[in-house]
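**Student:** There's a structure below that I have some questions on.
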Amino acid sequence: TDITAGLLLRATDATDANTYGDTMRRAVGGWAATTLQVAVVVNNLGLNIVYLIIMGDCLAGANGDQGAIAGILGGESAPAWATDRVIIMGASCALILAPLCVVRSIDTLRFSSYLSAVLMALFVVVMCTLCAKSLAMGSDSPLSK
């Protein structure tokens with residue numbers, strides 16, 4: 001990765017290009033720029049599918065476990081449509097992933113990057129709190145009564 005990034009930076013400086021596609025087009029040719037764009041699309045599509053699967057498992061549940069949505073809405077009494085995996089994944093795609101795919105400038109992603117850093121910090125705080133609660137109770141699960 002370091003070698004590739006170094007080569008890309010040198011090629012960008014040598015060609016005075018502003019984007020990866022322009023760098024490839026000026027350094028190697030049009031077919032390379034097209035190949036790069038196809039590779040980026042395929043890579044992002046694959047990552048988005050993985051993100052959807054993870055969101056579906058966490059929010060709708062997997063292998064008979066309740067997901068976060070069912071837990072928030074009252075467990076077994078939650079409406080079936082609200083815990084349906086297809087609906088949750090569709091809503092996640094429409095509300096979370098689709099807006100990230102249509103940005104005009106990479107600069108606009110700084111807000112979502114900041115939000116993700118804040119959410120990761122919140123996750124760490126919640127996990128540390130649950131671990132401390134579990135240790136204080138002397139149990140293996142902080143959620144047990």
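The values are calculated or read from the model by the stated rules, or taken from the named source; none is laboratory data. This one's a predicted model, so the numbers in the text were calculated from it and none came from an experiment. Note that we place each Cβ from the backbone using ideal geometry, even for glycine, and neighbour counts take in every protein chain shown. Calculation scope for accessible area: heavy atoms of the full protein, side chains included, ligands and nucleic acids excluded. Shrake-Rupley method; radii C 1.70, N 1.55, O 1.52, S 1.80 Å.
**Student:** State in Å² the accessible area per residue of the chain; use a 1.4 Å probe, count heavy atoms of protein chains only, and round to the nearest integer.
**Tutor:** Ligands and nucleic acids excluded, the figure is 76 Å² per residue.
**Student:** While we're on this one: Just to check I understand the Karplus step: with θ = phi - 60° and J = 6.51 cos²θ - 1.76 cosθ + 1.60, what whole-Hz values come out for the range 19-24, glycine and proline as x?
**Tutor:** Whole-Hz 3J(HN,Hα) from phi for the range 19-24: 10, 4, x, 5, 4, 5.
**Student:** Next question, about the same structure. Read through the labelled values (i) 32.0, 99; (ii) 21.8, 65; (iii) 15.1, 44 and report the label of the one computed as Rg and Dmax of the Cα atoms in Å from the structure.
**Tutor:** Answer label, from the structure shown: (ii).
**Student:** Along the charge dipole of the chain, which of 46, 30, 137 sits closest to the positive end, that is, farthest toward it, with unit charges on the beta carbon of Lys, Arg, Asp and Glu (+1, +1, -1, -1)?
**Tutor:** 30
**Student:** Helix 109-137 sits at what angle to the longest principal axis of the chain, using alpha carbons and giving 0 to 90 degrees rounded to 10?
**Tutor:** Relative to the chain, helix 109-137 is tipped by roughly 30 degrees.
**Student:** Report, to the nearest 10°, how far helix 2-15 tilts away from the longest principal axis of the Cα atoms in the chain, using its own Cα long axis and a range of 0 to 90°.
**Tutor:** The answer is roughly 40 degrees.
**Student:** Please work out how much accessible surface residue 89 shows to a 1.4 Å probe, ignoring ligands, DNA and RNA, in Å² rounded to 10.
**Tutor:** 50
**Student:** Here is a follow-up. If you place +1 on the Cβ of every Lys and Arg, -1 on the Cβ of every Asp and Glu, and leave all else neutral, what size is the dipole of the chain about its Cα centre, to the nearest 20 Debye?
**Tutor:** Values: 8 positive and 10 negative charges, 35 e Å.
Around 160 debye, computed over the chain.
**Student:** Just to check I understand the Karplus step: with θ = phi - 60° and J = 6.51 cos²θ - 1.76 cosθ + 1.60, what whole-Hz values come out for the range 93-101, glycine and proline as x?
**Tutor:** Rounded to whole hertz, the list is 5, 6, 9, 10, 7, 4, x, 6, 7.
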